[in-house]
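Accompanying notes for the structure given below.
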Amino acid sequence: MLETRMEQEQLQSTTPILRVKNLKKHYPITGLFGRAVGHLKAVDGVEFDLYEKKTMGLVGESGCGKSTTGRTILRLVEPTEGEAIYKGKDIFKLKGKDLQAIRKDIQMIFQDPHSSLNPKQRIGHAIVETMKIHRIGSHKERIERAKELLLKVGIREDQFDRYPHEFSGGQRQRIGIARALAANPKIVICDEPVSALDVSIQSQVINLLKDIQENFNLTYLFISHDLSVVRYMSDYIGVMYLGQLVEKAPTDELFSHPLHPYTQALLSAIPLPNPKRKRERIIIKGDIPSPINPPSGCVFHTRCPYSTKRCEQERPVMKKQTTDHFVACHLHD
Amino acid sequence: MEINTKGVEHIGSELKSEKFKLLFRRFLFNKLAVVGTVIVILLCLFSIVGPFMTKYGPLDIDPMNRLQPPSADHWFGTDNFGRDLFSRVVHGGRVSLVVGFSAALLTAIIGMIIGLYSSYYRILDHVLMRICDGLIAFPDILLAIAITAILGPNPFNVVIAITIVKVPAMARIVRSAALVVKEQTYIEALKAQGASSWRIIWVHMAPNTISPFLVQMTYVFALSIILEAGLSFLGAGVPAPNPSWGNILYDGKAVIFRAWWMTLFPSIFITLAVLGLNLLGDGLRDLLDPHTSKANKKLK
């Protein structure tokens with residue numbers, strides 16, 4: 001508990017390296033003759049900060065907009081609205097060279113290791129290419145450094161000239177990590193980096209990510225649907241539901257005192273290793289509503305066991321509960 | 001995938017040669033593809049060496065020996081002007097193959113550029129694909145005749161006409177392959193790293209669309225030969241008196257009952273060329289696409 005307090009104070013005292021404010025991504029749904037009939041609200045008003053050398057976890061069900069959030073930060077998906085302040089500049093307004101500079105500082109690790117490497121490109125060249133794009137070093141230095149990076153992620157030097165299909169999924173993910181490191185990034189967005197891997201390989205890759213964070217002073221945005229992985233990786237966690245951030249807290253605080261009913265339900269779904277210990281499962285009813293016409297008021301009210309009239313009408317805002325613990329729920333006003 | 005796991009423990013170069021050997025074995029296993037390749041090579045050799053095998057030039061008129069049947073002196077007989085048919089078929093082969101190959105190459109290059117860029121840029125895609133749709137709507141031969149009629153009948157313009165006719169199909173095939181590649185995560189990864197569109201298109205997308213592209217190129221080669229023969233037959237291609245397989249056929253048409261050899265020999269060569277190229281194309285397709293390869297299964 002004391003540790004949590006200290007961590008919280010630490011978080012508050014440092015200034016964020018990246019601030020994301022009111023991020024929205026709405027996809028227009030076109031009907032006959034290209035007229036917009038509605039909007040699919042993939043991300044609807046997400047706000048969070050990333051702190052230097054810390055990991056923020058982003059959890060939620062599939063389709064809740066976690067990946068879209070990560071992608072908009074790199075402008076792989078153009079946001080509809082919002083700001084992302086990095087080094088005093090709004091990433092969403094950058095063009096040309098400035099955007100290029102951002103794409104050097106912020107790198108991404110992808111979910112599927114099978115399609116994230118060009119099958120016709122030798123793996124060493126993939127890493128050299130990243131440096132080439134960002135004009136880092138001479139040709140010789142690049143090769144030298146690529147070999148070094150590969151070694152760091154556990155790929156032998158004599159495998160430099162191999163093609164991706166000669167590697168296993170775990171190895172490919174390591175190569176993807178080395179490629180992200182090649183640009184000397186400050187922030188790495190990990191988009192479900194281990195969910196496509198075997199459980200035995202998952203832990204290796206997760207530990208590798210942790211080591212690398214320390215060695216390279218990285219800040220992570222760690223997107224995953226696996227709560228135990230997120231818990232292990234993250235300093236603080238944001239919980240997403242239907243395109244909105246419903247709760248945000250330091251990891252220990254979130255797991256010991258979940259405030260939002262959705263978070264409580266999520267946490268109760270984690271299987272316990274001890275079969276004799278029983279826990280009350282909170283089972284939420286129904287399916288996740290469609291993001292095309294999300295429920296009015298609080299997006300969770302259709303499935304919430306504590307839902308009131310107010311929840312149906314008024315959208316709750318993020319409110320601070322204790323230091324660094326934020327929740328968007330009328331129960332905690 | 002047999003080849004993927006084989007020889008992983010060897011060092012790079014050995015592995016590559018091993019992979020190459022396996023590909024070659026798979027190719028040899030496909031008998032029809034080998035036959036096709038042999039036919040194409042023989043035809044090329046024939047049109048290179050052929051002219052030195054006869055003392056007659058393709059334009060040497062000899063009115064005394066009109067419409068002679070095949071003999072030891074005139075292997076394929078003579079035509080209605082007494083010209084040696086063997087010499088004409090050989091020289092015509094040169095024209096037909098060169099025109100066919102140039103058209104295929106030009107089609108491939110332009111089709112690749114159009115296909116790749118239209119798969120990458122959406123607005124450009126709409127514009128280019130509508131133009132392609134328009135061109136595809138015309139029957140091939142009609143459009144080709146119209147173009148050569150405007151430009152004038154000579155081998156160079158025939159190449160241009162064939163290219164214009166065949167580019168849309170090529171562009172569509174490259175585009176559809178490129179659209180699949182474009183959705184792969186590694187393209188997104190490159191964008192995330194800030195790679196230029198030039199790099200993404202030419203360094204990463206182009207090599208991954210090469211197999212359907214190569215296969216289509218051999219088919220275009222074959223189709224170009226047919227189209228060129230058709231154009232020359234209709235008088236819109238290689239102008240007389242220069243020989244081409246098409247216009248020899250045209251000359252033979254009038255005397256088909258008196259001199260069967262004038263129709264038979266160029267027809268055989270057109271058929272052989274098209275058959276050989278199509279077999280080669282089928283073989284390449286099987287070789288480059290492991291999913292359809294029967295040989296691959298049997299080798300296991």
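Under 5 Å between amide H atoms, partner at least 5 residues away or on a different chain: which partners does A:K25 have, H built in plane at 1.01 Å?
Amide H neighbours of A:K25, under 5 Å, 5+ apart: A:A42, A:V43, A:D44, A:G45, A:T80.
Tell me which lysines have Cα within less than 29 Å of A:K278's Cα, excluding those fewer than 8 residues away on the same chain?
A:K248
Under 5 Å between amide H atoms, partner at least 5 residues away or on a different chain: which partners does B:G82 have, H built in plane at 1.01 Å?
B:D62, B:L67
Quick check: pseudo-label points 7 Å beyond the Cα along Cα→Cβ at A:S256 and A:I85, how many nm apart are they?
Between A:S256 and A:I85, the label points sit 3.2 nm apart.
Straight-line reach from A:K89: which aspartates and glutamates have Cα under 17 Å away, leaving out those fewer than 8 places along the same chain?
A:E47, A:D49, A:E52, A:E78, A:E81, A:D98, A:D105
Kindly provide the pair-distance distribution of the stretch B:173-257 built from C-alpha pairs, with 10 Å bins from 0 and whole-percent values in order of increasing distance.
16, 28, 16, 15, 15, 8, 2, 0
Kindly work out what percent of the DSSP beta bridges joining two residues of the protein assembly as shown are antiparallel, to the nearest 5.
65
What 222 nm value per residue comes from the helices of chain A, counting each DSSP H run with n ≥ 4 as -39,500 (n - 2.57) and dividing by all residues, nearest 500 deg cm²/dmol?
It comes out at -10000 deg cm²/dmol, rounded to the nearest 500.
Grab the alpha carbons of chain A, take their convex hull, and tell me the volume per residue in Å³. Write down the numbers at each step before the final one.
Working: hull volume 55.1 nm³, N = 333.
Normalising the Cα hull of chain A by residue number yields 165 Å³.
As a check on your grasp of the helix formula, calculate [θ] at 222 nm for chain B: sum -39500 (n - 2.57) over DSSP H runs of n ≥ 4, divide by the residue count, round to the nearest 500.
-23500 deg cm²/dmol
For A:L58, what residues show an amide H to amide H distance below 5 Å, using hydrogens built from the backbone and excluding near sequence neighbours?
Here the answer is A:F222, A:I223, A:S224, A:G238, since their amide H atoms fall under 5 Å of that of A:L58.
For the stretch A:228-297, what Kirkwood radius comes out of the mean inverse Cα-Cα distance, in Å?
Across the stretch A:228-297, the inverse of the average 1/r is 13.7 Å.
Which value results when the Cα radius of gyration for the protein assembly as shown is divided by 2.2 N^0.38 Å?
1.31
Within the stretch A:201-232, name every residue whose backbone N is under 18 Å away from a label modeled 7 Å from Cα of A:S168 along the Cβ vector.
A:201-209
Across peptide A:209-221, how many C-beta atoms of other chains are within 10 Å of each residue C-beta, on average?
0
Over its Cα atoms, what ratio of radius of gyration to 2.2 N^0.38 Å does the stretch A:1-153 give?
1.29
Kirkwood Rh and Cα-based Rg: tell me the resulting Rg over Rh for the stretch B:21-299, rounded to two decimals.
1.06
Step through the table entries A:K21/A:K41; A:K186/A:K210; A:K25/A:K54, compare each Cα-Cα distance with 20 Å, and write down the pairs that go over it.
Flagged as over cut-off: A:K25/A:K54.
Output the peptides B:171-178, B:136-143 sorted from most to least packed, where packing is the average of other Cβ atoms within 10 Å over each peptide's residues.
B:171-178, B:136-143
How far apart, in nm, are two points set 7 Å out from the Cα along the Cα-to-Cβ line at A:A36 and at A:V199?
Here the modelled spin labels are 4.6 nm apart.
When we measure straight from the Cα of B:K55, which aspartates and glutamates land under 13 angstrom away, once same-chain ones fewer than 8 places off are left out?
B:D73, B:D84
Mind grabbing the base-10 log of I(q)/I(0) for the stretch B:157-220 at q = 0.19, 0.27 Å⁻¹? Debye formula, identical points on the C-alpha positions, no solvent, two decimal places.
With no solvent term, the Cα-only Debye profile gives -0.75, -1.10.
How well do other chains shield peptide B:193-204, expressed as the mean number of their Cβ atoms within 10 Å of each residue Cβ? Intermediate values should be presented prior to the final figure.
Values: counts 17, 13, 7, 2, 0, 0, 3, 0, 0, 0, 5, 5.
Averaged over the peptide's residues, the number is 4.
Here, each number is a calculation from the coordinates, and none is a lab measurement. Note that this is a predicted model, so its numbers are computed, not measured. Note that each Cβ is placed from the backbone with ideal geometry, even for glycine, and that neighbours are counted across all protein chains shown.
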